[in-house]
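The values are calculated or read from the model by the stated rules, or taken from the named source; none is laboratory data. Note that the coordinates shown come from a computational prediction; the quantities given were computed from them, not determined experimentally. A quick note on method: Cβ atoms are made from the backbone with ideal geometry, for glycine too, and the neighbour counts reach across all protein chains shown.
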Amino acid sequence: MTFSLATWNINSVRLREGLVSRLMTEDMPDVLCLQECKSPVEKIPFEAFQALGYNYMIARGQKGYNGVAILSKMPIVETDARDFATLNHARHIAGRLENGVTIQNFYIPAGGDEPDREKNEKFGQKLDYLTEMRDYFHQTKPEKTVIVGDFNIAPREDDVWDHKKLLKIVSHTPIEVEHLAQVQESANWVDITRQDIPEGLLYSWWSYRAKDWDEADKGRRLDHIWATPDISNAAHSSRIRRDVRGWEQPSDHAPVFATFDI
């Protein structure tokens, strides 16, 4: 069985319903994972997505911020939804497809502007969230699992437009990168995007603050698709649809894709 998967921080699913529908129509991923939905679950425009063949949805929502959803053409059954770091935020949802693959969708906290947990509570919350993710995967020992989402960390030097300039900028600081590495090591997760595209600058996010984001190209790879080793070799065709960042009233993130032959 082959299925395609995409992950996208949509930055309000109701405001950008049309963009979601356009992506569904143009790319037709079998599974679409959204983050920062900014909507209670009952107000997510599910009927519009059902009309395009996405008959299944599992989600956690909040009014105005956070929120995660998995929309699927294939049956999916919710298996977990955790409040990591006890933030009372809708940042995680997990479900299992009929082929036995579990998909975990994360929206890791951004962490504020100051990379110092003593001065910035949000940065401490981000590190605590990552620590609890690490411990969770150590304990659960996942198999046949894909985790996706906006991790809000660009781990590699070629995941940012300027490694040296961003070393003290939240999302690329050494302590964040180390915490994310510990999460990755907790279940030997394979970075599918970089497995397929091992070399070169690669971004999935460009700031709204840039007057011309495309020309300036000061991006970061904040959005990720990882898989457990038992299915990592089944993954292929990774790509980032950079042009989506240029759609009208876009999210500041571009969708990331991969395909799995399970």
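Cβ separations smaller than 9 Å between residues 6+ apart or across chains give no pair from region 121-141 residues that are touching a residue at least 60 places away in the same chain (Cβ under 8 Å) to residues that are among the aliphatic types (A, V, I, L, M). For the subset of region 206-222 comprising residues that are among the charged types (D, E, K, R) and in a helix (DSSP H, G or I), which member is farthest from the chain's Cα centre (by Cα)? If we take residues in region 206-222 being among the charged types (D, E, K, R) and in a helix (DSSP H, G or I), then 215 is farthest from the chain's Cα centre (by Cα).
Among residues of region 58-78 that are free of Cβ contacts under 8 Å to residues at least 24 places away in the same chain, those with a beta-carbon under 9 Å from a residue that is hydroxyl-bearing (Ser, Thr, Tyr) at least six positions away or on a different chain give the pairs 75/56; 77/56.
Residues are listed down the side, and each one gets a yes or a no for (1) touching a residue at least 60 places away in the same chain (Cβ under 8 Å); (2) under 18 Å from the mean Cα position of the chain (by Cα); (3) over 22 Å from residue 250 (Cα atoms):
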site: 31; (1), (2), (3): yes, yes, no
site: 39; (1), (2), (3): no, yes, no
site: 46; (1), (2), (3): no, no, no
site: 52; (1), (2), (3): no, no, no
site: 80; (1), (2), (3): no, yes, yes
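Restricted to region 244-260, and to residues that are in contact with a helix residue (DSSP H, G or I) (Cβ under 9 Å, 6 or more places away or on another chain) and outside any loop (DSSP other than H, G, I, E, B), which residue is surrounded by the fewest Cβ atoms within 10 Å (Cβ to Cβ)? Among them, the one singled out is 246. Considering the conditions (1) of a type in the set (Phe, Trp, Tyr); (2) more than 18 Å from the chain's Cα centre (by Cα); (3) crowded, with 18+ Cβ neighbours inside 10 Å, residue 203 is excluded by exactly one of them, (2).
Would you be able to say whether some residue in region 223-233 is of a type in the set (Asp, Glu), outside any loop (DSSP other than H, G, I, E, B) and within 22 Å of residue 171 (Cβ to Cβ)? Full working, then the answer.
Applying the first criterion (of a type in the set (Asp, Glu)) to region 223-233 yields 223, 230.
Filter once more, so that each one left must be outside any loop (DSSP other than H, G, I, E, B): 223, 230.
Now narrow it down to the ones that are within 22 Å of residue 171 (Cβ to Cβ): 223.
Yes; the residues of region 223-233 include at least one that is of a type in the set (Asp, Glu), outside any loop (DSSP other than H, G, I, E, B) and within 22 Å of residue 171 (Cβ to Cβ).
Residues considered: 95, 124, 61, 112. Of these, the only one that is farther than 30 Å from residue 166 by Cα, surrounded by fewer than 23 Cβ atoms within 10 Å (Cβ to Cβ) and modelled with pLDDT of 95 or more is 61.
Residue count for region 153-184 under the criterion of being within 18 Å of the chain's Cα centre (by Cα) and either outside any loop (DSSP other than H, G, I, E, B) or farther than 15 Å from residue 110 by Cβ (or both): the result is 12. Which residue pairs have Cβ atoms under 6 Å apart, sit 6 or more places apart or on different chains, and have a first residue in region 172-185 that is crowded, with 18+ Cβ neighbours inside 10 Å and a second that is assigned to a helix (DSSP H, G or I)? That search, which allows pairs on different chains as well, returns 179/127; 179/130; 183/130; 183/133; 183/134. When residue 86 is tested against (1) crowded, with 20+ Cβ neighbours inside 10 Å; (2) at positive phi, only condition (1) is not met. If you go through region 11-33 and pick out every residue that is closer than 20 Å to residue 61 by Cβ, β-branched (Val, Ile, Thr) and in a helix (DSSP H, G or I), you end up with 1. Here 162, 243, 217, 191 are screened, and the one residue that is more than 27 Å from residue 133 (Cβ to Cβ) and touching a Phe, Trp or Tyr at 6+ places or on another chain (Cβ under 7 Å) is 217. Just one of the listed residues (74, 1) is farther than 30 Å from residue 180 by Cα and at pLDDT below 95, namely 1.
Determine, yes or no, whether residue 214 is under 20 Å from residue 19 (Cα atoms) and loosely packed, with under 14 Cβ neighbours inside 10 Å. Walk me through it before giving the result.
Numbers: under 20 Å from residue 19 (Cα atoms): yes; loosely packed, with under 14 Cβ neighbours inside 10 Å: yes.
Considered against the rule, which asks whether it is under 20 Å from residue 19 (Cα atoms) and loosely packed, with under 14 Cβ neighbours inside 10 Å, residue 214 comes out as yes.
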